[in-house]
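Please read the structure below before turning to the comments.
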Amino acid sequence: MAIKEVTDRISPKEYSFDMITLRFDKDLPKFERFGNIDIFRVGMVKRGAKINDSRKFPLFLNKYLYPLWALFTAIILHRHKPYDAIATVMTSHASFAALFFKFLFPKIPYIVRLDDGDPFEHYKKKARITGPLFRQIFTKADFAVTASTYLSGMARAMGYKGEIAIVPNGTSAKHFSQTYKEGELSALKNKLGKNSDEKWMIHTGRLVKKNGLDFVIRALPLLPSSVHFFMIGDGTDRDNLERLATDNGVLSRVHFHSYVPNGELPLYLKSCDIFIRPSLSEGFGISFIEAMAAGVPVIATQEGGIADFLFDPERNPGKEPTGLAVNPRDPEGIARAVRRYIDDPVLKARIVENGKKLAFLKYDWDLIARDMKERVFDRLFHHSA
């Protein structure tokens, strides 16, 4: 989605884009025009496959075979329509396709884009497993674009020595800040089973270990019974979170909800009271910005890229507060932050106002697309900015 949001705002007369990606679901087309991008899908497939199926045979083989399929596809496409640059978005085994293309066509500029939310130890593990080859994803790049200050440091630590442009992910601030009639909000709250005297914390995104959601569940016994935790999304940690809620006697206060389309997400955010994700690591975290644009106060750690936009009234006294910061793995700290929002409506209103202002002034897609064009594409191809 982020790629589409940027490329849709760039004239196809100036730049055109191809994307080679994995096709693990047989129902997905091999080729698709998506906005201003031509998408080519490769890989082993299964009809109706889900994300978790990618860990099972035979789809798990895609992890190892995809770089070669993507490379061969890129070579064929390059022969018909020569590329002026090649890029990898997020660094993983899939990035080897772009690296191998760079080996074959060394004069073509190679861009590495970092959005990853994994901790640095994860990178070091990859480097140990694949040896110097993984580090070359960084060292062979001609230009690096990162989503945060933290990820820029990550690129340097992996050996990249060239120019870096920090261009964060964005959001449609106008879309997430839209207002709803009270009847619409009430209807959704009734559907979800949210009572008027309850305070619901909401999380949107993957249910995975790095998001620290288990510590939110551990915080619930420390909070009034009227405080609930509502999670939108799915992931490998879903079963563990449900068991933890049962073990802590709070299963009735923990609510799981499947994926919600982006068009409906603002309504769900505005139906809740606090956005929370106490991440153990985070490359950037666009869900926080979406919540800010929606006018929902945020609780988060300041791990990784979150520190670029989450300013706490005590930890960042020189900045206007945009949220409340907690330490990783700290249920007691989470409970204190929740109580602070409940007990201090003046501070809550101040944080909401500052967060919404930040989303509009720094993270709207129109601004991000302009930065990507002027600071990356125009600069790389020596166009006048």
Those residues that are of a type in the set (Lys, Arg) and more than 19 Å from Glu121 (Cα to Cα), I need them from region 147-169; list them, please. Lys161
Subset of region 313-342 [outside any helix (DSSP H, G or I) and surrounded by fewer than 20 Cβ atoms within 10 Å (Cβ to Cβ)]: Pro313, Glu314, Arg315, Asn316, Pro317, Gly318, Lys319, Glu320, Asn327, Pro328, Arg329, Asp330
Of the residues Gly35, Gly43, only one is in contact with a Ser or Thr (Cβ under 8 Å, 6 or more places away or on another chain) and small (Gly, Ala, Ser); which? Gly35
Matching residues, region 120-138, being hydroxyl-bearing (Ser, Thr, Tyr) and surrounded by fewer than 16 Cβ atoms within 10 Å (Cβ to Cβ): Thr130
Within region 86-119, track down each residue that is surrounded by fewer than 16 Cβ atoms within 10 Å (Cβ to Cβ) and either at positive phi or of a type in the set (A, V, I, L, M) (or both). Met90, Leu104, Ile108
Checking Leu28 against (1) over 21 Å from the mean Cα position of the chain (by Cα); (2) closer than 26 Å to Pro261 by Cβ; (3) at pLDDT below 90, which single condition isn't satisfied? (3)
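How many residues does region 254-282 contain that are within 23 Å of Lys210 (Cβ to Cβ) and of a type in the set (Lys, Arg)?
Total satisfying the criteria: 1.
State whether one or more residues within region 212-225 are within 23 Å of Gly263 (Cβ to Cβ) and not polar (S, T, N, Q). First the steps, then the outcome.
We begin by selecting, within region 212-225, every residue within 23 Å of Gly263 (Cβ to Cβ); these are none.
The answer is no, given that none of the residues of region 212-225 is within 23 Å of Gly263 (Cβ to Cβ) and not polar (S, T, N, Q).
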I'm told Leu61 meets every condition in (1) over 24 Å from the mean Cα position of the chain (by Cα); (2) part of a helix (DSSP H, G or I); (3) modelled with pLDDT of 95 or more except one. Can you identify the failing condition by its number? (3)
Against the conditions (1) part of a loop (DSSP other than H, G, I, E, B); (2) out of contact with any Lys or Arg (no Cβ under 7 Å at 6 or more places or on another chain), where does Arg156 fall short? Just the number, please. (1)
Go through region 66-79 and report how many residues are surrounded by 15 or more Cβ atoms within 10 Å (Cβ to Cβ) and among the aliphatic types (A, V, I, L, M). 4
Test for Phe143: is it crowded, with 16+ Cβ neighbours inside 10 Å, of a type outside the set (D, E, K, R), modelled with pLDDT under 95 and not assigned by TED's automatic domain parsing to the domain that holds Glu353: no
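The values are calculated or read from the model by the stated rules, or taken from the named source; none is laboratory data. Just so we're clear, the structure is a prediction, and the values are computed from it rather than from any experiment. Quick reminder, even Gly has a Cβ in these numbers, built from the backbone with ideal geometry, and neighbours come from all protein chains shown.
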